[in-house]
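Student: Got a structure here, written out as structure tokens. Questions coming.
The values are calculated or read from the model by the stated rules, or taken from the named source; none is laboratory data. Not measured: the values here are computed from a predicted model. Positions of Cβ are generated from backbone atoms using ideal geometry, with glycine treated the same way; all protein chains shown enter the neighbour counts. The accessibility values were calculated without ligands, DNA or RNA, using every heavy atom of the protein model including side chains. Shrake-Rupley method; radii C 1.70, N 1.55, O 1.52, S 1.80 Å.
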Amino acid sequence: MKLTNIAVAAGLFAAAIGLNAAQAADISGAGATFPYPVYAKWADTYKKETGVGMNYQSIGSGGGIKQIKAKTVTFGASDAPLKPEELEKAGLVQFPTVIGGVVPIINVPGLKPGEVTLDGQTLADIFQGKITKWDDEAIQKLNPQVKLPSTAIAVVHRSDGSGTSFVFTNYLSQVSKDWADNVGAASAVEWPVGLGAKGNEGVAAGVGQTQGSIGYVEYAFAAQNGMSYTKLINKDGQTVAPDAANFAAAAANVDWANAPGYYVILTNEPGATSWPITAATFILVYAKPDKPADVAEALKFFNWAYDKGDAMAEELHYIPLPDSVVANIKATWAKDILDADGKPVFTAN
Amino acid sequence: MVDAAMTGVIGAGMDSAKLKRMRRFRAGDATFRGLTLGAALLVLLLLGGVILSLIHGSIPALSTFGLDFLTTQSWNPVTEKFGALAPIYGTVVTSLIALLIAVPVGIGIAIFLTELCPPWLKRPIGVAIELLAGIPSIIYGIWGLFVFAPFFQTKIQPFLISVFEPIPVLNNLFAGPPYGIGILTAGFILAIMVLPFITSITRDVFDTVPPVLKEATYGLGCTTSEVVRKVVLPYTRVGVIGGVMLGLGRALGETMAVTFVIGNAHKISASIMAPGTTISASIANEFTEAVGDLYTSSLIALGLILFVITFIVLAAARLLLMRMNVKAGN
């Protein structure tokens, strides 16, 4: 009796697994960690609606680019966009999915979130070790009303290569010539000073524990963990707080339609309310895929996400793309992603 | 053995069925020998494969930078200039700090357990040590970052800084500011991690000392510390050094726990409280996002260097043992 019970249970189990396997194969993708929460959320909901799952490995942007080039995944994901000439060389098509912001976070006793304002040059000087105390003249001048302590500044940066670091160093390179000349912009750089911590959570923990520290994390992370952030002065000289409306403002001023390969980096954008460290995250697929059906499934997923995923993205503190940009992306799909016969792999509704 | 048995069997005039059975035994023996030989050769094959792929992967970096790779500490992914000195320094120094703490403590625990411990306390301490060895390294890392580092930063580091302030060389070695994480913290965490290895091995080898030797020494009127120094340690030195080397091996290669608490800065600082990095921490941190062949190759070259360091440590341990044996007159 017992044996038959076990056999029945095993059979049921196998049937359950078999059922899953019998459904359409999962969409496979790999890359950036920054959009992972929203991709996972979308994938979960999409699976409930359509039965098609997505297997996304958040291994980092560099890994995503490597995997798509090795053709082990259907789509790659990267925070740092590939340059148009690189796209051409590799035969890839690139399009953005969501927008997010990077926020400086601080831990200075007595200072409330948003109480301190910094500008780009000051931020670059802090991260270069040129400004070493919180009551430095440069910081005091930007915050005449705030009583700053004479605590030493401890810089916390990412130790792993990261799209967040790319966006942050890209911003510092634009606003500070020193930074551009001495350090540069990349997903990993030679940091002049400070502690390296692994991942957004590592930086948040480092800043949370070290008095007088400053670091930078994705906005979603800062918002969910209630970190103390700073305001920034943007290109127009306005003081802005990191919030969804200001990230959207930065994205609104960009001429996406005329940027080949959507190669747009949203840092230091003009506009009175633009948050200066804003960035889109990107998807990479082959223009002439070996398996057009797989790419069609992936595009179908992103099409669904553009149409129905905005609220989910906002819930997780990401900013959906403006509708005009989405229309543009759908046109790009129809024009550039073709099967062997030169027909579009997927046509959006 | 089977051969001898068979001739014996034939001599005794056994029938052919038994003879057949004996032949089968011999064939079974040959298969057994072949299987174990295969398992042993597999290790050599794997090791060779790893070495070859490490060398192959690090050729681009080593041919670009040459010996400078070993002697410079600039690690700049933007300009693609890589030097391994800072991770090498961090690896060696954190491991040394770990051994400096863990060896005396570990041997102390082993001596207590084998010579002095009341029987009812033996088991709890023994089990605790084995549990310590079973904790995954990521747990040590998280504990180190969230519990140990803040405690270290607010309580121990300010104390160390103020104590060593007036002493010329040591004040550089223990210079602030107290970050909580850094080379010294990594050394402490590593010490906790290698402690169970050193303790359990030394305890086991201490147990192999014949009681009659110890009893004779006690009979001569020696104290416990004399017995340990003159009889137990000389008798077990090979095992003790083996335990220390095993601990050192783990300390050199430990990755996750170190990454959490070392500060991950590609820099060599005079102060051991400053952030640094180790070879394995650098690889774990940077490999996923290493874009560009030279960057990836430099990280693989780091792995090759770690391999060489481990090999040197093992060779040095062997040499040390040989010297000691010669000195002891064996």
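Student: Quick check: anything in segment A:307-319 open to solvent by 50 Å² or more (accessible area, probe 1.4 Å), under 18 Å from residue A:77 (Cα atoms) and among the charged types (D, E, K, R)?
Tutor: no
Student: Residue check: is residue B:197 open to solvent by 40 Å² or more (accessible area, probe 1.4 Å), more than 14 Å from chain A (Cβ to nearest Cβ), closer than 22 Å to residue A:206 by Cα and assigned to a helix (DSSP H, G or I)?
Tutor: So residue B:197 fails the test.
Student: In segment A:120-152, what residues are part of a helix (DSSP H, G or I), touching a residue at least 60 places away in the same chain (Cβ under 8 Å) and crowded, with 21+ Cβ neighbours inside 10 Å?
Tutor: Within segment A:120-152, the first condition is being part of a helix (DSSP H, G or I), and the residues that meet it are A:120-127, A:137-142.
When the remaining residues are screened for being touching a residue at least 60 places away in the same chain (Cβ under 8 Å), the result is A:120, A:123, A:126-127, A:142.
Correct list: A:120, A:123, A:126, A:127.
Student: Follow-up question, since we're still on this one. Filter segment B:47-61 down to residues that are closer than 23 Å to residue A:189 by Cβ and out of contact with any strand residue (DSSP E or B) (no Cβ under 9 Å at 6 or more places or on another chain) and give me whichever is most open to solvent (accessible area, probe 1.4 Å).
Tutor: Ranking the qualifying residues of segment B:47-61, first place goes to B:60.
Student: Looking at A:41, A:69, A:47, which one is in contact with a helix residue (DSSP H, G or I) (Cβ under 7 Å, 6 or more places away or on another chain) and free of Cβ contacts under 8 Å to residues at least 60 places away in the same chain?
Tutor: Values: A:41 fails: free of Cβ contacts under 8 Å to residues at least 60 places away in the same chain; A:47 fails: in contact with a helix residue (DSSP H, G or I) (Cβ under 7 Å, 6 or more places away or on another chain).
On inspection, the qualifying residue turns out to be A:69.
Student: Taking the residues in segment A:249-267 that are out of contact with any strand residue (DSSP E or B) (no Cβ under 8 Å at 6 or more places or on another chain) and outside any helix (DSSP H, G or I) as candidates, determine which candidate is surrounded by the most Cβ atoms within 10 Å (Cβ to Cβ).
Tutor: Taking the candidates together, the pick is A:254.
Student: Same structure, new question: Specify which of the listed residues (A:77, A:90, A:70) is of a type in the set (Gly, Ala, Ser) and closer than 24 Å to residue A:277 by Cα.
Tutor: Result: A:77 is the single residue among A:77, A:90, A:70 that is of a type in the set (Gly, Ala, Ser) and closer than 24 Å to residue A:277 by Cα.
Student: Return the residues of segment A:329-349 that are among the polar types (S, T, N, Q) and at pLDDT 85 or above; say none if nothing qualifies.
Tutor: Passing the criteria: only A:332.
Student: So which of B:278, B:288 ends up being hydroxyl-bearing (Ser, Thr, Tyr) and modelled with pLDDT under 90?
Tutor: B:288
Student: Can I ask one more? Which of the residues belonging to segment B:283-323 are touching a strand residue (DSSP E or B) at 6+ places or on another chain (Cβ under 8 Å), under 24 Å from residue A:193 (Cβ atoms) and in contact (Cβ under 8 Å) with a residue 60 or more places away in the chain?
Tutor: B:295, B:298
Student: Here's a follow-up. Residues in segment A:224-240 that are out of contact with any helix residue (DSSP H, G or I) (no Cβ under 8 Å at 6 or more places or on another chain) and under 20 Å from residue A:203 (Cβ atoms): how many?
Tutor: Of the residues in that region, 5 qualify.
Student: Those residues that are over 16 Å from the mean Cα position of the chain (by Cα) and farther than 19 Å from residue A:108 by Cβ, I need them from segment A:220-245; list them, please.
Tutor: Of everything in segment A:220-245, those that are over 16 Å from the mean Cα position of the chain (by Cα) and farther than 19 Å from residue A:108 by Cβ turn out to be A:234, A:235, A:236, A:237, A:238, A:240, A:245.
Student: Output the residues belonging to segment B:131-142 that are part of a helix (DSSP H, G or I) and either in contact with a His (Cβ under 8 Å, 6 or more places away or on another chain) or surrounded by 13 or more Cβ atoms within 10 Å (Cβ to Cβ) (or both).
Tutor: Step one: filter segment B:131-142 for residues part of a helix (DSSP H, G or I), giving B:131-134, B:137-142.
Residues satisfying the conditions are B:132, B:133, B:137, B:138, B:140, B:141, B:142.
Student: Another question, if that's okay. Hey, any hits in segment A:153-176 for a residue that's more than 22 Å from the chain's Cα centre (by Cα), without any contact (Cβ under 8 Å) to a residue 60 or more places away in the chain and within 24 Å of residue B:74 (Cα to Cα)?
Tutor: Yes, segment A:153-176 has at least one match.
Student: Need pairs with beta-carbon distance below 7 Å; first residue at pLDDT 90 or above and within segment B:219-248, second of a type in the set (Ser, Thr, Tyr) and outside any helix (DSSP H, G or I); sequence gap 6+ or separate chains.
Tutor: B:236/B:208
A quick yes/no check of all residues on (1) under 17 Å from residue A:95 (Cβ atoms); (2) among the small types (Gly, Ala, Ser):
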| position | (1), (2) |
| --- | --- |
| A:39 | yes, no |
| A:42 | yes, no |
| A:46 | no, no |
| A:49 | no, no |
| A:52 | no, no |
| A:65 | yes, no |
| A:69 | no, no |
| A:76 | yes, yes |
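Student: Which residues, counting only those in segment B:143-165, are among the aromatic types (Phe, Trp, Tyr) and crowded, with 17+ Cβ neighbours inside 10 Å?
Tutor: B:143, B:148, B:152 - these are the residues of segment B:143-165 that are among the aromatic types (Phe, Trp, Tyr) and crowded, with 17+ Cβ neighbours inside 10 Å.
Student: Out of the residues in segment B:173-194 that are within 20 Å of the chain's Cα centre (by Cα) and open to solvent by 30 Å² or more (accessible area, probe 1.4 Å), which is farthest from the other protein chains (Cβ to nearest Cβ)?
Tutor: B:192
Student: Any residue at all in segment A:217-224 that's within 28 Å of residue B:142 (Cβ to Cβ), of a type in the set (Val, Ile, Thr) and in the same structural domain as residue A:108 (by TED's automatic domain parsing)? If you could, list the steps in order and put the result at the bottom.
Tutor: The first filter runs over segment A:217-224 and keeps only residues within 28 Å of residue B:142 (Cβ to Cβ), leaving A:217-224.
Checking the rest, the ones that are also of a type in the set (Val, Ile, Thr) come to A:217.
Narrowing further to those that are in the same structural domain as residue A:108 (by TED's automatic domain parsing): A:217.
Yes, segment A:217-224 contains at least one residue that is within 28 Å of residue B:142 (Cβ to Cβ), of a type in the set (Val, Ile, Thr) and in the same structural domain as residue A:108 (by TED's automatic domain parsing).
Student: Looking at segment A:320-348, which of its residues are open to solvent by 70 Å² or more (accessible area, probe 1.4 Å) and among the β-branched types (Val, Ile, Thr)? It would help to see each step written out before you state the result.
Tutor: Taking segment A:320-348 and keeping what is open to solvent by 70 Å² or more (accessible area, probe 1.4 Å), we get A:323-324, A:335, A:340-341, A:343, A:347.
Once the filter is applied, which keeps residues that are open to solvent by 70 Å² or more (accessible area, probe 1.4 Å) and among the β-branched types (Val, Ile, Thr), segment A:320-348 yields only A:347.
Student: Kindly indicate whether residue A:284 is in the same structural domain as residue A:89 (by TED's automatic domain parsing), open to solvent by less than 40 Å² (accessible area, probe 1.4 Å) and either assigned to a loop (DSSP other than H, G, I, E, B) or not polar (S, T, N, Q) (or both).
Tutor: Yes.
Student: Related question: Can you confirm whether segment A:91-109 contains a residue that is without any contact (Cβ under 8 Å) to a residue 40 or more places away in the chain and open to solvent by 20 Å² or more (accessible area, probe 1.4 Å)?
Tutor: For segment A:91-109, residues without any contact (Cβ under 8 Å) to a residue 40 or more places away in the chain and open to solvent by 20 Å² or more (accessible area, probe 1.4 Å): absent.
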